[in-house]
Every structure is written in structure tokens, then in C-alpha cells.
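Below: the structure, in C-alpha cells.
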Amino acid sequence: MKKILMLITGAGLVLASCGQEKKDTNATEEVYAESTMEVEAPEVVEVQTPNIVGVAAGNENFSTLVAAVKAADLVNTLSSTGPFTVFAPTNAAFDKLPAGTVDTLLKAENKAMLTDILTYHVVAGKYMAGDVVAAIKANNGKFMTNTVMGEGITLMMDGENVVIQDAKGGKSVIIMTDVAASNGVIHAIDTVIMPKG
């Protein structure tokens, strides 16, 4: 009889302890639920793509171009809504010009000439590399478009490369494509192109 009573008492203790564990578990779940409710969602920060001037200023290969844009007072124009497609000469492209040319162009008295040269590298509208190649193919291998300056440039293929021919017959190769900006796109070129004037 004592053994049976001890077994029943033991079973009662086991059941009681199980009940207590269940209560503790529920209490833990409630605390966890409360703590998760207090956690706020992280704030989403949108990273805005800079405009054409901002993108160029952030790339050391365009430092001469940025200096020229500032000297010609074109920062506001190229920072406006656009969209624009800019065929941007690299520093190496400017280095190909005859010695002293860049310094001469950056002088205040040559601002009009510098403005003409720079706006000759800009086309109204956003034309990705694929659009340019499609336009060349759709026009029997040569596509002419007007620049913001007013004179035209001719785009053509040379093997896999897109080449720009300027009004004087000079040629430049696009060496980097589709650099995104908030108000258009930049394609880097290896030679400065020149208008007739």
C-alpha cells in the first residue's frame, strides 16, 4: 500500500512539474512575443544616383572634363533634368590635344569656344549603347545625330567598337559605355571631338 501511495505521489509530482514547465514555456513565449513587437523595422535609405556632373566629378578619369565644364559655366546645364547623352573625353583624350590647348581653352576669354566644344559632346535624350548600335544598324552602318551645340556627329561601327566622326573628320572610339546618371548616361571616349567652328 505504501508503494502504491508513493507511486501516485511521485506521478503527481511529475505531472505538477510538467505543468510548471508548460507554464514557464508559455511565459517565455509571451515575453518573446512582446519583445518582437517592440522591434521597429529598419529605415530604408534610398541611394540616389548623382547627375552627369556628379558622376563625372566622382571619377578621376574625368577631372579635366569637370574642370572644363566648370570653366564654361555648364554645371547647371548638365545638372538639369535632361535627359542627356554625354560622350565624355577622358583625361587621356584631352592629353592628345596639342600642348597648351587645354590651358588655352580654360582661359576666360575662350569661354565661348570651350562651351561649343563641350556641348558638341552632348546629345539631347538618353541613348544607351544598345540604342546607339541599333540606330547605326538601322541606318546602313552610319547614324548622324545633332548635338546640343547644333552641329552633327556621325556614329558608326568599326568591328565591335562604336566610333564617332566629328565635323572635321576626326574620329573617337567609345571606350566605356552606359555609365548611369540621374539625368542621362555617359559614354567615355578616347579622343576629343571637334565642331567645324
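The values are calculated or read from the model by the stated rules, or taken from the named source; none is laboratory data. Model, not experiment: these values are computed from the prediction. No Cβ is skipped: glycine too gets one built from the backbone with ideal geometry, and neighbour counts run over all protein chains shown.
Some points to look at:
- Test: residue in segment 166-184 that is in a loop (DSSP other than H, G, I, E, B), within 26 Å of the chain's Cα centre (by Cα) and buried (at least 18 other Cβ atoms within 10 Å of the Cβ): yes
- In the set (1) in contact with a helix residue (DSSP H, G or I) (Cβ under 7 Å, 6 or more places away or on another chain); (2) modelled with pLDDT of 95 or more; (3) polar (S, T, N, Q), Ser79 fails one condition alone, (2).
- Some residue of segment 127-148 being out of contact with any strand residue (DSSP E or B) (no Cβ under 9 Å at 6 or more places or on another chain), hydroxyl-bearing (Ser, Thr, Tyr) and surrounded by 12 or more Cβ atoms within 10 Å (Cβ to Cβ): no
- Scanning segment 152-171 for residues that are in contact with a Lys or Arg (Cβ under 6 Å, 6 or more places away or on another chain) and not small (Gly, Ala, Ser) yields Thr154, Met156, Val163, Gln165.
- Qualifying residue in segment 55-66 (condition: at pLDDT 55 or above, outside any helix (DSSP H, G or I) and in contact with a strand residue (DSSP E or B) (Cβ under 9 Å, 6 or more places away or on another chain)): yes
- Scanning segment 10-25 for any residue that is in a helix (DSSP H, G or I), on the phi < 0 side of the Ramachandran plot and at pLDDT 90 or above turns up nothing.
- Near pairs, Cβ below 7 angstrom, 6+ apart or cross-chain, from segment 147-162 (within 23 Å of Gly82 (Cβ to Cβ) and free of Cβ contacts under 8 Å to residues at least 40 places away in the same chain) to any residue that is among the charged types (D, E, K, R) and surrounded by fewer than 17 Cβ atoms within 10 Å (Cβ to Cβ): Thr154/Lys142
- Lone qualifier among Val173, Val122, Val163, Val102 - being closer than 30 Å to Gln48 by Cβ and not hydroxyl-bearing (Ser, Thr, Tyr): Val122
- Test: Thr90 is modelled with pLDDT of 95 or more, under 19 Å from Ser63 (Cα atoms) and not hydrophobic (A, V, I, L, M, F, W, C): yes
- Of all the numbered requirements in (1) free of Cβ contacts under 8 Å to residues at least 60 places away in the same chain; (2) among the acidic types (Asp, Glu); (3) surrounded by 15 or more Cβ atoms within 10 Å (Cβ to Cβ), Glu109 misses one, and that requirement is (3).
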